[in-house]
Amino acid sequence: QVRLVESGGGQVQSGGSLRLSCTTFGISFSLFTLGWYRQAPGKERELVATITGGDTANYADSLKGRFTISKDYAKNTVFLQMNSLKPEDTAIYYCKAWVGSHDYWGQGTQVTVSS
């Protein structure tokens with residue numbers, strides 16, 4: 001059974017950093033694309049970053065340079081390092097796995113950035 005479990009969210013002041021983690025269960029970690037989305041209050045869910053099975057990373061244009069996606073193969077975990085956080089980064093952050101014709105989502109973790 002595929003499961004994605006996020007952690008690492010919290011409250012931080014503007015300019016601060018957070019690292020989100022998404023531990024995967026039940027999938028071949030190195031074969032599939034993983035990614036992070038976020039959804040702010042009253043807005044649609046948007047793509048933040050993805051990383052392929054071959055470790056190619058892609059980012060939303062507006063977030064390049066502040067956010068970094070990476071993987072730890074030993075822990076089956078994908079990370080999202082977020083630096084220079086802004087109040088507009090406040091959202092629920094979700095982990096997603098593309099596994100063949102199926103998409104899997106984590107439960108989300110709240111990130112709140114105060115000014």
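The values are calculated or read from the model by the stated rules, or taken from the named source; none is laboratory data. None of the values given here were measured: they were computed from a predicted structure. All Cβ positions, glycine included, derive from the backbone under ideal geometry; neighbour counts span all protein chains shown. The protein model used for the area step is the full one, side chains on, heavy atoms only, and it has no ligands, DNA or RNA in it. Shrake-Rupley method; radii C 1.70, N 1.55, O 1.52, S 1.80 Å.
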TODO: Have a look at L18, L85, L31 and tell me which one the Gaussian network model of the chain (Cα, springs below 10 Å) gives the largest fluctuation.
DONE: L31
Open item on the list: Tell me the accessible surface of R45 in square angstrom (1.4 angstrom probe, heavy atoms of protein chains only), to the nearest ten.
Closed with: 90
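Relative contact order of the range 1-84, please, whole-number percent, based on alpha carbon pairs below 8 angstrom and at least 6 residues apart. Let's see the in-between values first.
Numbers: 155 pairs, mean separation 25.3, N = 84.
Relative contact order of the range 1-84: 30 percent.
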Open item on the list: If you only keep lysine pairs separated by 8 or more in sequence, or across chains, how many in the chain come under 19 Å at the Cα atoms?
Closed with: 5
Open item on the list: Over the chain, with a Gaussian network built from C-alpha contacts below 10 Å, which listed residue (V99, V78, V48) shows the highest mean-square fluctuation?
Closed with: V99
TODO: Specify the residue with the greatest mean-square fluctuation among Y94, Y59, Y104, computed from a Gaussian network of the chain linking alpha-carbon atoms under 10 Å apart.
DONE: Y104
Task: Rh by Kirkwood over Cα pairs, then Stokes-Einstein D for the range 1-54 at 1.567 mPa s and 4 °C, µm²/s - done: 98
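At R0 = 22 Å, how high is the FRET efficiency between V2 and S62 if r is their beta carbon distance? Nearest 0.05 is fine. Could you put the intermediate results ahead of the total?
Details: r = 30 Å, r/R0 = 1.35.
Step by step, r from the Cβ atoms, then E = 0.15.
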- [ ] Can you find, among G35, A74, A60, the residue farthest towards the positive end of the dipole of the chain? Put +1 on the C-beta of Lys and Arg, -1 on that of Asp and Glu.
- [x] A74
- [ ] Compute log10 of I(q)/I(0) for the range 18-88 with the Debye formula, placing one identical point scatterer on every Cα and leaving out solvent, at q = 0.14, 0.21, 0.28 Å⁻¹, to two decimals.
- [x] -0.44, -0.92, -1.37
Task: Net charge of neighbours whose Cβ lies under 15 Å from the Cβ of E44, counting Lys and Arg as +1 and Asp and Glu as -1 - done: +2
